[in-house]
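Student: Just passing along the structure, written as structure tokens.
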Amino acid sequence: MNASTRPATRQEAYWIPQRLVQGKPRHFMRWTFRQRKVFALVDGKRTISQIARLLSTSPTTVVETLYELQFMRKVAQEQILYV
């Protein structure tokens, strides 16, 4: 089961994504609207749940988008905050 077919786990909902590139990356305008919005909110402090709340979407949607951005090497999910 991949990220697009399963709900976000509790641990994923508390990941704190980190940007690997600063500013506007090359080809930024070729990204989907959702990828641009999620990337704009990645600041190394917000959890996936917080990003989802700010975008009025589900944590699962944010996780899927972050996996896409991670595959593109634009973000990393190195810190995990367990609550």
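Nothing in this text is a laboratory measurement; each read-out follows from the coordinates by a stated rule. Here the structure is a predicted model, which means the values were calculated and not measured. Please note: Cβ atoms are built from the backbone with ideal geometry, for glycine as well, and neighbour counts cover all protein chains shown.
Student: Which order, highest average first, do 26-36, 44-54 follow once you tally other Cβ atoms within 10 Å for each residue and take the mean per peptide?
Tutor: Details: 26-36: 11.5, 44-54: 17.6.
Descending mean neighbour count gives 44-54, 26-36.
Student: Using alpha-carbon pairs under 8 Å, 6+ residues apart, how would you state the relative contact order of segment 12-80 in percent? Working shown, then result.
Tutor: Numbers: 88 pairs, mean separation 35.3, N = 69.
Across segment 12-80, relative contact order equals 51 percent.
Student: What is the Rg over Rh value, at two decimals, for segment 12-80, using alpha-carbon atoms and the Kirkwood definition of Rh? Write out the running numbers ahead of the final one.
Tutor: Details: Rg = 10.7 Å, Rh = 11.7 Å.
That ratio is 0.92, to two decimals.
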